[in-house]
Amino acid sequence: MCGIIGYTGKKEAEEIMLDALEVLEYRGYDSAGIAVCGSDGGVQIRKCAGRVKDLRSLCERVKVSGACGIGHTRWATHGGVSDENAHPHMFGNVTVIHNGIIENYKRLIGKYDLQEKLQSQTDSEVVAAVLEHFYNGDPYAAIRKTVLKLKGTFALGIMFGDIPDTVFAVRNVSPIVIARAEEGSMMASDVTVLGQYSKEYFVLPEFHVAVLKKEGIELYDMSGEAVEPQWLTVSWDVNRSSKGGYPFYMEKEIMEQPEVIWETIEPRIKNGLPDLESDGIPDSLLKECSHICVVACGTAMHAGLVGKALMQSLVKMHMDVELASEFMYTDSLVDEKTLVIAISQSGETIDTLEALKYAKKNGAKTLAIVNVKGASIARESEHVIYTNAGPEIAVASTKAYTTQLAVLYLLTGRMAYVRGIFDEAKTKEFTAELMRVPAVMQEVLDRREEIHYIARSILNAKDVFMIGRGLDYSILLEGSLKLKEISYIHSEAYASGELKHGTIALITEDTPVVAVITQDKVQSKEFSNIKEVQSRGAEVILFMKESYRLDQDAAWDSVFKLPEMRDEFMVMPVSAALQLLAYYVSLDKGLDVDKPRNLAKVVTVE
Ligand code: AGP
C-alpha cells in the first residue's frame, strides 16, 4: 500500500523524508517521490519509478532545498508504474500525495474539463486539479469543497505554493497519524515512521483538516471549528523498528516471538487467571454471546481458525471464521447475540474494516484484536485488545500471528472460566500452560539451523503439499501461506483425510509433502495418511511431537521432533518451525524476504 509522509520544521525536509520513505518501504511500492517547498514558497518535485534509493540518487543529482515537504511511496492502482504516475502530483498552485482510491475520478475529469490538462493516468492528480479549481487563497475552503466531491478512500498530504512551510492533511478511511517532534511537525501513513522522531502522536480523525506548521499543529473539523487532538504515546521502543543486526526484519520478528508473546499475556494474567479488565472487556461480553464470528484476512484469518478450534472444543461455543472480503457478500448471519471479532495486525485492512462496520450495522457486539494502537479497526470496534508485538515490518506476518493466538488463548480461558466450564483450578492449569509458550517456542528457535537444513530439501520445489488434521491443518494453512508469499513456491495445505478425494492424484515420485502431527486423538490416522503419500513416492518432511513413535521401516526424509505441550498449545512451537522453514527457503533462494513481489504489508484497497 502507498506510504505518505509530510514534514515542516527547522531541518532540511529532503533528508527527513527520504529516511522516512525508507521506513515506509515495507508497505510495498513501485515508485517514490518528494516535493519540497522552499521558504520563497516555490515547490520542487523529485519523483521516479523504482526504489527509494533511486529517488535518493535523483535528489543527489538534482538538489532540492527547503524545510517543508511531502513524500510518497506508490503501490500502483490507477495507472501503470511510471515517473509521471509517481507522486507527488502538482496542478497549478497545488501539490498532493494520496493513499487510497477515488472511485469517481473519471466523472470529476469530465465535470472539471480536465481531459487535456492531466500529465498522468492517476486518480490522485485529479484530486490536485479539483483542489486547484476551488483554491482562491483560502486553503480550508478549497479542501472542504474538494473532499465533498470525492467518492472513495483518501489520505491526502497537500501543499499550496503560496503558503510556505505549511502542510495540510485530510483523510477518509486511509490512515494518517500526526506527530509533534523536536524537528517540527510530521504526518505519516503509520506510526512506525514517526517513532524515531516523536513519542507523541494522534490519529487524524476522518474529515478533519490538520495544518502542520513549524511552530505547531492545528486541527479543524469540516465546519472550520478548531478541535483538540486526542494525543497518544508511541507504545513501543524505537529500536524495535530497526533490523537489530538480522539480515531481514522477518528473522528478527520470528526471534522476538517469545518476548512479545510474554509481553502480550503477562499483563493480562492476575492470580493465575486470564484477566481482561485492563482492556475494558466486561465478563458480560463473554458470558452473554451465543455465537462468535471472526472476520479477518490472510494470516489474521488463520489465527481465527485456531481460535475456532479452541472455542469449540474447550468452551463449546459455536464459532465461524469468515474471510472479511466475503463476509458482506454472503449474507452472513450476525445479530445482537453475536460477538464479531475483527483480527488485524495493521488495523487498517479495508476488507476487515468494512466487515466490522457491516457487523455493527447488523447489531453484533464487536471486539478487535489489533497490533497498531489507535488504528481504524481499533477505533471502529466497541472493544479492543492490543497485541504487544511491536512494529511488524516484514510483509510476512509472524509475531503478529502468534500474539493474536496468545490473545485468543486468553479469551478462551476467560470465557471458559466466566461461563463456568472451567473451574478455577482448571483455568489456572490452562493459563499455566499458556505461560510456558515463550520458553517452548524458544527451544524451537534455538534449533533453527536444523530447520535451515531441512529447508534445503524444498529449495527448488515447484509444488509443496502440506497435510494435517484438526489444529494441525489450521496451522498448515498458515505455514503454506508463509511459504507461498516469500519463496514464490506453489504450496497447498490439505486436511490429510481429504487428500484421497482427489488431490493425491498429484502426488508422484519425490513430491515434497510437509506433514504435522501433534494431536493425540488423530495421531494414528495422520500416520496412515502419510503412508498413503509415501507409497506414491512423496518425500515427507515431518514435524511431530517428540514422544510419538516412528514406524521404523518407513523411509523418513526429514523429521523434526517438537518440544511437548498440551495438544491445544502445540500450535505455538509448530508455527515457529513453519515460519523458519519458509524464511530459510526464501533466504537461500536469494529473494527479498521482507518485501515479496506484488505484496503490500497493509491492504487498504478492496
Ligand atoms: C500475511 O503474512 C500477509 N502479510 C497478509 O495475509 C496479512 O495477514 C493480511 O493482509 C491481513 O493483514 P492485517 O492483519 O494487517 O489485517
Query raised in the report: So who's got an amide H within less than 5 Å of the one on residue 545, skipping anything under 5 residues away but keeping other chains? H placed 1.01 Å off N, in plane.
Result: 517, 562
Report task. Could you check the simple spin-label distance between residue 463 and residue 528, using points 7 Å along Cα→Cβ, in nm with one decimal? Result -> 2.5 nm
Query raised in the report: Excluding ligands and nucleic acids, what accessible area in Å² is computed for residue 297 using a 1.4 Å probe, to the nearest 10?
Result: 40 Å²
Report task. May I ask you to list the lysines whose Cα is less than 20 Å away from that of residue 361, ignoring any residue fewer than eight positions away on the same chain? Result -> 337
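Scale the Cα Rg of the chain by the rule-of-thumb value 2.2 N^0.38 Å and send over the ratio, two decimals.
Numbers: Rg = 25.5 Å, N = 606, 2.2 N^0.38 = 25.1 Å.
Here the answer is 1.01, to two decimals.
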Requested in this report: May I ask you to evaluate 6.51 cos²θ - 1.76 cosθ + 1.60, the Karplus curve with θ = phi - 60°, for each residue of the stretch 525-538 and list the ³J(HN,Hα) values in order in whole Hz, giving x for glycine and proline?
Outcome: 5, 5, 5, 6, 5, 5, 4, 4, 6, 5, 5, 9, x, 5
Query raised in the report: Do you know the relative contact order of the chain, to the nearest whole percent, from alpha carbon pairs under 8 angstrom that are 6+ apart?
Result: 12 percent
Requested in this report: Taking H placed 1.01 Å from N in the peptide plane, check which residues at least 5 places from residue 208 or on another chain put their amide H under 5 Å from its amide H.
Outcome: 171
Report summary line: Taking the alpha-carbon centre of each part, the distance from the stretch 458-532 to the stretch 13-65 in Å is 45 Å
Requested in this report: Using θ = phi - 60° and the Karplus relation 6.51 cos²θ - 1.76 cosθ + 1.60, list the HN-Hα couplings for the stretch 90-100 in order, rounded to whole Hz, with x at every Gly or Pro.
Outcome: 10, 9, x, 8, 10, 10, 9, 10, 8, 10, x
Report summary line: Phi angles of the stretch 571-581, converted by Karplus (6.51 cos²θ - 1.76 cosθ + 1.60, θ = phi - 60°) into ³J(HN,Hα) in whole Hz with x for Gly and Pro, give 3, 5, x, 5, 4, 4, 5, 6, 4, 5, 4
Report task. Keeping all protein chains in position, work out how much accessible area residue 465 exposes to a 1.4 Å probe, and write it in Å² to the nearest 10. Result -> 10 Å²
Requested in this report: Kindly give the semi-axes, whole Å and largest first, of the ellipsoid equivalent to the stretch 1-130, taking each as the square root of 5 times a Cα gyration tensor eigenvalue.
Outcome: 24, 17, 12
Query raised in the report: Long-range amide H contacts for residue 539: which residues qualify at under 5 Å (H placed 1.01 Å from N, peptide plane, sequence gap of 5 or more or a different chain)?
Result: 510, 511, 513
Query - With DNA, RNA and ligands ignored, accessible area of residue 151 (1.4 Å probe; Å², nearest 10) - result: 130 Å²
Report task. Give the whole-number value, in cubic angstrom per residue, of the convex hull volume spanned by the C-alpha atoms of the stretch 481-606. Result -> 147 Å³
Query - Radius of gyration and Dmax over the Cα atoms of the stretch 453-535, both given in Å - result: 12.2, 34
Report task. Determine which lysines satisfy two conditions relative to residue 270: a Cα distance under 18 Å, and not lying fewer than 8 residues away in the same chain. Result -> 426, 428
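The values are calculated or read from the model by the stated rules, or taken from the named source; none is laboratory data. Keep in mind it's a predicted model, so treat the numbers as computed, not measured. Glycine gets a Cβ as well: all are built from the backbone with ideal geometry, and neighbour counts include every protein chain shown. Please note that ligands, DNA and RNA were not included when accessible areas were found on the heavy atoms of the full protein model with its side chains. Shrake-Rupley method; radii C 1.70, N 1.55, O 1.52, S 1.80 Å.
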